[in-house]
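One structure is given below, encoded as structure tokens.
Each value in this text was obtained by applying a stated rule to the coordinates, not by laboratory testing. Predicted, not measured: the structure shown is a model, and the values here were computed from it. Glycine also receives a Cβ, built like all others from the backbone with ideal geometry; neighbour counts cover every protein chain displayed.
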Amino acid sequence: MPRSDRSPLLLAGLLATAGVAHFAAPRPFDAIVPDALPGKPRTWTYASGAVELALAAGLAVPRTRKAAALASAAFFAGVFPANVKMAADWRHRPAPQRAVAFGRLPLQVPLVLWARGVARNAEGRS
């Protein structure tokens, strides 16, 4: 399988794993839901997990890959405030935890770029 064909499946696997984690262990995700969002954090945790699973499914199917990849890029940008909240909340924790929280912030950029690259490569395969 060429590398370009593996990339969307790897991204789908990442999103599927994250989606399952939102349901299997929701408490850590609840803690990073921004306070400005209405409703209960658990609702947002489950909704986010469901979106990740739907995006993963869309990426796995060549016919829906481009749309799912573009939606994934938007999703990665959209969840950035949760990573900011985590970094702010964890700023006084021990160094390893603080490093994880702050390390997640720049990680969003390559995720957005990866998703956009998957969309670009899917254009000719509709």
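Just a few scattered comments:
- Filtered residue count, region 88-106, keeping only those that are aliphatic (A, V, I, L, M) and in contact with a Phe, Trp or Tyr (Cβ under 9 Å, 6 or more places away or on another chain): 3
- Considered as a group, the residues in region 13-45 that are buried (at least 17 other Cβ atoms within 10 Å of the Cβ) and aromatic (F, W, Y) include one that is farthest from W90 (Cα to Cα), and that residue is W44.
- Of A69, A74, all but one fail to be surrounded by fewer than 17 Cβ atoms within 10 Å (Cβ to Cβ) and either at positive phi or aliphatic (A, V, I, L, M) (or both); the exception is A74.
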